[in-house]
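Novice: Dropping the structure in here first, questions after.
The values are calculated or read from the model by the stated rules, or taken from the named source; none is laboratory data. In this text, all values refer to a predicted model and were calculated from it rather than measured experimentally. Neighbour counts are summed over all protein chains in view; Cβ atoms, including those assigned to glycine, are modelled from backbone coordinates with ideal geometry. The area values use the complete protein model at the heavy-atom level, side chains included, leaving out ligands, DNA and RNA. Shrake-Rupley method; radii C 1.70, N 1.55, O 1.52, S 1.80 Å.
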Amino acid sequence: HTAPMLARAGPLPTRDADWMYEFKWDGIRAITSVTAGQVRATSRGAKDLTVAFPELQELATALGDRSAVLDGELVAFDDSGRPSFGRLQQRMHITSAVEAARRANEVPVSYVVFDLLHLDGHDTMGLPLSDRRRLLAQVLEPAPRWRVSPGHDDGPLLLEATDASGLECVVAKLADSRYEPGARTRTWRKVKVRRHQE
């Protein structure tokens, strides 16, 4: 199990050129390994999520004979396309494969992937984030049950969009940052939306 890299709380960076920005999705963090047709997903606390989220099994077909370890978030969207943690909770604690398959139809979940930790047996964590993201886009075609989290280059604009969507945070990541498992580093920054009290 690889412990996910974590972001530190901080202000919006002042130099956009060095940073990449993403929505902080209101979901469950999941590290997913896909090897030889086998898919295994674990939570930040090393809990096995594989049975509860059967839609991830399709990643094996999508990757074909390639192997990869992905980092992302499992997100349930409401009818207006906004992340809904309430919906996600209906999926979280299922241990029966039959029940999980039924719930997957009723309350579908998307895997929003934002990083690539291993590819075809090679550790990619030492590569700059910009290179890992480029590889990720080559390896993983978007599909109904997963997508690559879009990266943005305008922090203030994304923070505005985050506020308008009712989300809480933007994650700013240094474009040349390495992946540090389990570390909460300054190279990834969680920027909270400031909602002004009327």
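Novice: Out of curiosity, is Arg103 within 18 Å of Leu6 (Cα to Cα) and modelled with pLDDT under 95?
Specialist: Details: within 18 Å of Leu6 (Cα to Cα): no; modelled with pLDDT under 95: yes.
Considered against the rule, which asks whether it is within 18 Å of Leu6 (Cα to Cα) and modelled with pLDDT under 95, Arg103 comes out as no.
Novice: Another question, if that's okay. Conditions first: (1) part of a loop (DSSP other than H, G, I, E, B); (2) closer than 25 Å to Ala46 by Cα. Leu136 passes all but one, so which condition is the exception?
Specialist: The number of the failed condition is (1).
Novice: Only residues that are open to solvent by 30 Å² or more (accessible area, probe 1.4 Å) and among the aromatic types (Phe, Trp, Tyr): list them for region 20-43, please.
Specialist: Passing the criteria: only Phe23.
Novice: Can you give me the number of residues within region 104-138 that are within 23 Å of Gln38 (Cβ to Cβ), open to solvent by less than 60 Å² (accessible area, probe 1.4 Å) and free of Cβ contacts under 8 Å to residues at least 24 places away in the same chain?
Specialist: Of the residues in that region, 1 qualify.
Novice: Something else about it: For Ser130, only one of the following conditions fails: (1) under 30 Å from Thr61 (Cα atoms); (2) modelled with pLDDT of 95 or more; (3) within 14 Å of the chain's Cα centre (by Cα); (4) of a type in the set (Gly, Ala, Ser). What is its number?
Specialist: Condition not satisfied by Ser130: (3).
Novice: Here's something else I'd like to know. When the residues of region 10-19 are filtered to those that are open to solvent by 20 Å² or more (accessible area, probe 1.4 Å) and modelled with pLDDT under 95, which remaining residue is nearest to Leu117 (Cα to Cα)? Let's see the steps before the verdict.
Specialist: Residues of region 10-19 that are open to solvent by 20 Å² or more (accessible area, probe 1.4 Å), as a first pass: 10-12, 14-19.
Now restrict to residues that are modelled with pLDDT under 95: 10-12, 14-18.
Details: Gly10: 25, Pro11: 27, Leu12: 26, Thr14: 28, Arg15: 26, Asp16: 25, Ala17: 24, Asp18: 21 Å.
Going through the qualifying residues, I end up with Asp18.
Novice: Shifting gears a bit: If only one of Glu141, Glu160 is charged (D, E, K, R), in contact with a helix residue (DSSP H, G or I) (Cβ under 8 Å, 6 or more places away or on another chain) and either surrounded by fewer than 16 Cβ atoms within 10 Å (Cβ to Cβ) or assigned to a loop (DSSP other than H, G, I, E, B) (or both), which one is it?
Specialist: On the way: Glu160 fails: in contact with a helix residue (DSSP H, G or I) (Cβ under 8 Å, 6 or more places away or on another chain).
Just one listed residue meets the conditions, Glu141.
Novice: Name the one entry in Gly166, Gly155, Gly182 that is under 17 Å from the mean Cα position of the chain (by Cα) and not aliphatic (A, V, I, L, M).
Specialist: Values: Gly166 fails: under 17 Å from the mean Cα position of the chain (by Cα); Gly155 fails: under 17 Å from the mean Cα position of the chain (by Cα).
Answer to the check: Gly182.
Novice: Shifting gears a bit: For region 14-26, which positions are out of contact with any helix residue (DSSP H, G or I) (no Cβ under 6 Å at 6 or more places or on another chain) and either among the small types (Gly, Ala, Ser) or part of a loop (DSSP other than H, G, I, E, B) (or both)?
Specialist: Residues satisfying the conditions are Thr14, Arg15, Ala17, Lys24, Trp25.
Novice: Any idea which of Ala46, Ala62, Ala41 is modelled with pLDDT of 95 or more and either assigned to a strand (DSSP E or B) or more than 30 Å from Leu159 (Cα to Cα) (or both)?
Specialist: Going through Ala46, Ala62, Ala41 in turn, just one is modelled with pLDDT of 95 or more and either assigned to a strand (DSSP E or B) or more than 30 Å from Leu159 (Cα to Cα) (or both): Ala41.
Novice: Considering only region 144-157, state which residues are of a type in the set (Gly, Ala, Ser), open to solvent by 30 Å² or more (accessible area, probe 1.4 Å) and in contact with a Leu (Cβ under 6 Å, 6 or more places away or on another chain). Talk me through it step by step, then tell me what you get.
Specialist: Of region 144-157, the ones of a type in the set (Gly, Ala, Ser) are 149, 151, 155.
Add one more test, that the residue is open to solvent by 30 Å² or more (accessible area, probe 1.4 Å), and what stays is 151.
Result: no residue meets the conditions.
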